[in-house]
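Here is the structure we will look at, set down as C-alpha cells.
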Amino acid sequence: MSNQEPSLSEQHEIRLEKLEKLRNSGVNPYPYEFDITHLSKDILDQENELITTGDSQNSAKRVSVAGRVMTRRIMGKASFFNLQDSSGTIQVYIRRDDVGVDEYNTVFKKMVDIGDIVGIKGFVFKTRTGETTIHAEEFQLLSKTLRPIPLPKEVEGKDGEKVVYDAFSDKELRYRQRYVDLIVNPHVREVFRKRTHMVQSMRNFLNEHGYLEVETPVLQPIYGGAAAKPFVTHHNALDMRLYLRIANELYLKRLIVGGFDGVYEFSKDFRNEGLSRFHNPEFTQVELYVAYKDYRWMMEFTEKMIEYVAKTLHGSTKVTVGDKEIDFKTPWKRIPMFEAIKQETGYDLYQKSEDEVREIAKILHIEIEPSMGKGKLIDEIFGEYVEPKLIQPVFITDYPIEMSPLAKKHREKEGLVERFEAICNGKEIANAFSELNDPIDQRERFEEQLRLREEGDEEAMEIDEDFIRALEYGMPPTAGLGVGIDRLAMIMTNSESIRDVLFFPQMRPE
C-alpha cells in the first residue's frame, strides 16, 4: 500500500463514489436552499451578545451559518472543523449526540471532504482555549465537491519558523481558476471588495455633484473616441459590420448636444491590442462630460475626486504601492508636455516638424515605424523617457494637436490643444480635454486621421458623419474626462498587474 496521497484523478473518483453513496442513502447532496442568520464575521463581532451565559443551553441565541469545510479534526463522537464563508472563518464543534448518529457517523465523518459546503444551526460558546465556536445542533450537506481544494500546508522548519508548501500561488493558474483563487486566498477577495468600494465612491462623488449616469451603445457602426484598433463583429439581421466600442466619448457628447449639463458612464470598452501588466483587451473606464466647463476646471475636479476616493478607501490621502508611498493630496503638480520631455531628454520638441521629431526619436533610440505621424512619435518619446518617472500624481498638460483629434485648440499656444493626462505610478490613469465643439475644425481633424489611416496607422479614427452633424446643431463649451478604473484600482489595492484587479482577465487558451 503506497503512502503517497491519491492523485487528482483518484481523488475525483473517490468523491464521485461518495456522491453516489449519499444519493443511494437518501441524502440530497445538492439541496435547494438554506436559511442563514449570520455570517462568521457577524458572530465574531457580536460574540458578547451571542455567547451563552450560565449553564442553560435553552436560553442561548441560535445562529444559522453556511460555508466550506476548510479543516477537520475528527475525535470519535465529537469533532471540530473550520467553516469559511464570504466574510471569514469560524470554528464549529459537532457532536454525534446533537446532530444524530446517521448525520454524524455516515455523512459528516465518512462522506464530507475538505471544500464541501455545509449548513450549521446551533449556538455560540467559547472553548477552554478561548476560541469563539459554534456548537452545531443541526448539520446539512449543501454541496458535495468533486475536486479537492488545493489548500497550503504549514510545516515547522528547523529554526522553528512555519514553512508553507503547496500554496495556490502560480499566477497563471490563479487567473485561469479565479474561483479556486478566491476560495484559498482570502486576501484576493479583499482586493475586489476594495475595487467595488472604489467605484461606488466615484459614483457617489459624481452623483453628489448632480451629474446623470447614462448608458450608451457597446456595439457601434463607427468606432471612435480614442486611437485604438477595434474588435469587429457582424450583425446578421441587419447584415452590417459593427465594432465593440473603444470609447463612449462621441455618444456622451451627443447627449451634451441634446441638453444635458453633465453625464457620466462606467463603461466596458474593448481594444484589440496586446496584453501587458497594464493592458487587457477588455477594460473599464468612467467618462464624464460637463457643459460650460474647460480642462482647467476638470483638472481641479479630477484631483478632488481621486483624493476623495483615496480618503474613502484608506482614511488618508496616502496610499502604499509596492515600496512607494503615493500621496493624492490636492493640488497636484501641473507640467506642460513639451517641458516634461525637455527636462528628461534635453530636446525641445515644441513646433518641430515631423521630420525633425523623427530624427530626434532616432537619436533617442526610439523604435519607429514609417506609419508613425508626428503625434505618435512624440507619444513614444514621452512614454519612454518621461512617463515611467512620474510616480506621484501629476497633470501633464497642453498636448500637440496631432495627438488629440477631439480636443479644442489651445487658446494661447499655437499647435497645441487643451488636454491633460493624470499620471501616477508611471502610468496614465486619466485623460481629459476642453472638448472640440467646432464642427468645421472637427471635420478637418477627422480628415487628417483618415490620411494617417491611408499611410498605415491602424489606430487612426474614422470619420463619424453623424457626430459632426450633432456638433452642427451646437454643443456648448464642454470639459470631458476619462478615468481608467482598472489602473486606478491597481494603485488603490497595491496590485502589481491589471490581471490582479480583473476577476477574469483575458488569457491564451489552455
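The values are calculated or read from the model by the stated rules, or taken from the named source; none is laboratory data. Model, not experiment: these values are computed from the prediction. Note: ideal-geometry Cβ built from the backbone for every residue, glycine included; neighbour counts use all protein chains shown.
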Problem - Search result, residues across segment 367-377 that are in contact (Cβ under 8 Å) with a residue 40 or more places away in the chain and either under 30 Å from residue 318 (Cα atoms) or touching a helix residue (DSSP H, G or I) at 6+ places or on another chain (Cβ under 6 Å) (or both) - result: 373
Completion exercise
Over segment 138-156, the set of residues in contact with a Lys or Arg (Cβ under 6 Å, 6 or more places away or on another chain) and surrounded by 13 or more Cβ atoms within 10 Å (Cβ to Cβ) is 138, 146
Practice task
Answer yes or no: is there a residue in segment 143-158 that is under 25 Å from residue 63 (Cα atoms), part of a strand (DSSP E or B) and at pLDDT 95 or above.
Solution key: yes
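Sort through 495, 434 and tell me the only one that's hydroxyl-bearing (Ser, Thr, Tyr), assigned by TED's automatic domain parsing to the domain that holds residue 232, in contact with a helix residue (DSSP H, G or I) (Cβ under 9 Å, 6 or more places away or on another chain) and assigned to a strand (DSSP E or B). Working first, answer last.
Working: 495 fails: assigned to a strand (DSSP E or B).
The match here is 434.
Counting just the residues of segment 323-350 that are of a type in the set (Phe, Trp, Tyr) and under 25 Å from the mean Cα position of the chain (by Cα), which one comes out nearest to residue 312 (Cα to Cα)?
Within segment 323-350, the subset of a type in the set (Phe, Trp, Tyr) is 328, 332, 338, 347, 350.
Adding the requirement that they be under 25 Å from the mean Cα position of the chain (by Cα) leaves 328, 332.
Values: 328: 12, 332: 19 Å.
Taking the candidates together, the pick is 328.
Specify the residue that is modelled with the lowest pLDDT; the eligible residues are those in segment 36-63 that are part of a strand (DSSP E or B) and surrounded by 16 or more Cβ atoms within 10 Å (Cβ to Cβ).
Here is the first cut: in segment 36-63, the residues part of a strand (DSSP E or B) are 51, 62-63.
Filter once more, keeping what is surrounded by 16 or more Cβ atoms within 10 Å (Cβ to Cβ): 51, 63.
On the way: 51: 86, 63: 97.
Only one residue fits best here, namely 51.
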Fill in the blank from the handout: Out of (1) under 20 Å from residue 274 (Cβ atoms); (2) at pLDDT 95 or above; (3) surrounded by fewer than 21 Cβ atoms within 10 Å (Cβ to Cβ); (4) not aromatic (Phe, Trp, Tyr), the one residue 487 does not meet is (3)
Fill in the blank from the handout: Exception for residue 402 within (1) buried (at least 19 other Cβ atoms within 10 Å of the Cβ); (2) touching a residue at least 24 places away in the same chain (Cβ under 8 Å); (3) closer than 19 Å to residue 302 by Cα falls at (3)
Exercise for the section: Being of a type in the set (A, V, I, L, M) and more than 23 Å from residue 500 (Cα to Cα) is the filter; apply it to segment 290-323 and report the residue that is surrounded by the fewest Cβ atoms within 10 Å (Cβ to Cβ). Expected result: 291
Completion exercise
All-but-one check, residue 325 against (1) over 22 Å from residue 287 (Cβ atoms); (2) in a helix (DSSP H, G or I); (3) touching a strand residue (DSSP E or B) at 6+ places or on another chain (Cβ under 9 Å); (4) not β-branched (Val, Ile, Thr), failing number (2)
Practice task
Could you tell me whether residue 238 is in contact with a His (Cβ under 6 Å, 6 or more places away or on another chain), without any contact (Cβ under 8 Å) to a residue 24 or more places away in the chain, assigned by TED's automatic domain parsing to the domain that holds residue 309 and among the aliphatic types (A, V, I, L, M)?
Solution key: no
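Residue-by-condition table, conditions (1) without any contact (Cβ under 8 Å) to a residue 12 or more places away in the chain; (2) of a type in the set (A, V, I, L, M, F, W, C); (3) at positive phi:
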site: 424; (1), (2), (3): no, yes, no
site: 431; (1), (2), (3): no, no, no
site: 436; (1), (2), (3): no, yes, no
site: 453; (1), (2), (3): yes, no, no
site: 460; (1), (2), (3): no, yes, no
site: 475; (1), (2), (3): no, yes, no
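Which members of segment 450-489 meet the condition of being touching a strand residue (DSSP E or B) at 6+ places or on another chain (Cβ under 8 Å) and closer than 26 Å to residue 229 by Cβ? Walk me through it before giving the result.
Step one: filter segment 450-489 for residues touching a strand residue (DSSP E or B) at 6+ places or on another chain (Cβ under 8 Å), giving 475-488.
Of everything in segment 450-489, those that are touching a strand residue (DSSP E or B) at 6+ places or on another chain (Cβ under 8 Å) and closer than 26 Å to residue 229 by Cβ turn out to be 480, 481, 482, 483, 484, 485, 486, 487, 488.
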Handout entry: Extreme residue, nearest to residue 294 (Cα to Cα), among residues of segment 447-475 that are more than 34 Å from the chain's Cα centre (by Cα) and not in a helix (DSSP H, G or I)
Key = 474
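Every residue, every condition in (1) surrounded by fewer than 16 Cβ atoms within 10 Å (Cβ to Cβ); (2) in contact with a strand residue (DSSP E or B) (Cβ under 8 Å, 6 or more places away or on another chain), yes or no:
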site: 220; (1), (2): no, yes
site: 232; (1), (2): yes, yes
site: 235; (1), (2): yes, yes
site: 245; (1), (2): no, yes
site: 249; (1), (2): no, yes
site: 264; (1), (2): no, yes
site: 277; (1), (2): yes, no
site: 288; (1), (2): no, yes
